[in-house]
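Visitor: There's a structure below that I have some questions on.
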């Protein structure tokens, strides 16, 4: 299976006041570089026709040879993380539904509290990493967490609902070092409906 990066529907127009077209296209180049490196690594171990999607491989790193786990974890994580990132965004944002609102009420005191936790966790990342809204299937609850580098929450048996890239390449062209404005812009463009769609079937 070879991995490619389709352009998000907003690639040509940007995301309103959050990210302009130049930032989106620059970020897409990073995503494409991860895809190319992942494909090359899979080819080197004879797994280019691996039937399992990288999201499943990240949840089960023992399915690939030990010598390649680090590289596949990094490049595969980078590829999958960025795929989630694009799906996490929609111009103008979207509204959450009852499943997400219910979880936010119970664990964070409402959507405002959840947004505040995302902002706090993301700004607490030192260096490169990601902030996630994820589902913990073992507890059937949402969690906000950070992962370093390109580590995927799938490696911890978590399901990524929304992803916020805190690497410098994600914000510097548009915001410079002002990460807080970048995070707040992301919150204003968050595709809460994606998280809702993944949570709702769980009842």
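All of the numbers you see were taken from the coordinates with simple rules; none came from a lab. The shown structure was predicted, so the numbers you read here are calculated from the model rather than taken from an experiment. With ideal geometry, Cβ positions are generated from the backbone for all residues, glycine too; neighbour counts draw on all protein chains shown.
Visitor: How much length is gained on full extension from residue 138 to residue 9, taking 0.36 nm per residue of separation minus their Cα-Cα distance? Could the numbers behind the result be given before it?
Guide: Working: separation 129, 0.36 × 129 = 46.44 nm, distance 3.41 nm.
Using 0.36 nm per residue and subtracting the Cα-Cα distance, I get 43.0 nm.
Visitor: Label points 7 Å out from Cα along the Cβ direction at residue 105 and residue 29: separation in nm?
Guide: 4.7 nm
Visitor: Okay, moving on. What angle, in degrees between 0 and 90 and rounded to the nearest 10, separates the Cα long axis of helix 66-87 from the longest principal axis of the Cα atoms of the chain?
Guide: 40 degrees
Visitor: For the range 92-110 and the range 1-49, what is the centre-to-centre distance using only Cα atoms, to the nearest Å?
Guide: Each part reduced to its Cα centre gives a spacing of 29 Å.
Visitor: Taking every DSSP beta bridge that has both residues in the chain, what percent is antiparallel when rounded to the nearest 5?
Guide: Of all bridge pairs located within the chain, approximately 95 percent are antiparallel.
Visitor: Under the definition of Cα pairs under 8 Å and six or more residues apart, what whole-number percent is the relative contact order of the chain? Before the final figure, lay out each step's value.
Guide: Values: 317 pairs, mean separation 51.2, N = 203.
Relative contact order of the chain: 25 percent.
Visitor: One-quarter of the Cα convex hull surface for the range 20-203, in nm²?
Guide: Average of the hull's projected areas for the range 20-203 equals 10.5 nm².
Visitor: For the Cα atoms of the chain, what angle does the longest principal axis make with the long axis of helix 111-123, in degrees from 0 to 90, nearest 10?
Guide: 50 degrees
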